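Q: Below: one structure in structure tokens.
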Amino acid sequence: MKHNEVNIRLSELHEVERLSSISRRNIRHYDGRPVKVSLNINVDPDETNKTVTMVVGVSYITTYRLMQERLLQYTVAAVFEFDNCEGHVSVGGNSCMVNTSTMVMMLGVTIGSLRGMLALRTAGTFLKNYPLPIINISELISRLSYGSDIPFGTRPLFNHVYE
């Protein structure tokens, strides 16, 4: 393997149950109002085990009687194993830097998995008509790299509104 190549594999993929919920009450109240879809991403490295866990969550929110109501919060975690993290993932203090090409690959796998798992989770509800929108990962990476000074993982990195 060349020095600039990365040997990475997806070792685990699961729903984060404590960060996932569907509000049956709010879904019953839904009457066709716009639905806002927001995506949040967090990266958690484990240098000892040579793994990086990418946690991606999506929220579906609408407004009912002037109040924002969450219809759905769904979060998945993907654990990636690296043979050699050097040059691809670096950890310093409270920050984690992931090489752009590695991040694109990890986001593609995680968001694609989220899309399928979300479709299964929303089957049988009106939300099945609101799939996770197509996301331009290059644009998302650009926002991660050159975005604002708001701490990583605390704000939606993607917003879409179904009208």
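Q: Does at least one position in the range 84-96 carry a residue that is more than 15 Å from the chain's Cα centre (by Cα) and either at pLDDT 90 or above or assigned to a helix (DSSP H, G or I) (or both)?
A: Within the range 84-96, none of the residues are more than 15 Å from the chain's Cα centre (by Cα) and either at pLDDT 90 or above or assigned to a helix (DSSP H, G or I) (or both).
Q: Is it fair to say GLN73 is modelled with pLDDT of 85 or more and either over 24 Å from ILE134 (Cβ atoms) or over 13 Å from the mean Cα position of the chain (by Cα) (or both)?
A: no
Q: Let me ask something else about it. Could you tell me whether any residue of the range 37-46 is hydroxyl-bearing (Ser, Thr, Tyr), farther than 15 Å from VAL161 by Cβ and modelled with pLDDT under 95?
A: Checked the range 37-46: no residue is hydroxyl-bearing (Ser, Thr, Tyr), farther than 15 Å from VAL161 by Cβ and modelled with pLDDT under 95.
Q: Filter the range 1-50 down to the residues that are among the aliphatic types (A, V, I, L, M) and not in a strand (DSSP E or B), then identify the one that is nearest to THR100 (Cα to Cα).
A: VAL6
Q: Among what's in the range 51-68 and is in a strand (DSSP E or B) and without any contact (Cβ under 8 Å) to a residue 12 or more places away in the chain, pick the residue that is farthest from the chain's Cα centre (by Cα).
A: MET67
Q: Here is a further query. Look through the range 121-163, keep the residues that are under 14 Å from the mean Cα position of the chain (by Cα), in a loop (DSSP other than H, G, I, E, B) and at pLDDT below 75, and return whichever of them is surrounded by the most Cβ atoms within 10 Å (Cβ to Cβ).
A: LEU157
The values are calculated or read from the model by the stated rules, or taken from the named source; none is laboratory data. Since this is a predicted model, take the numbers as computed values, not measurements. Heads up, the Cβs are rebuilt from the backbone with ideal geometry, glycines too, and the neighbour counts pull from every protein chain shown.
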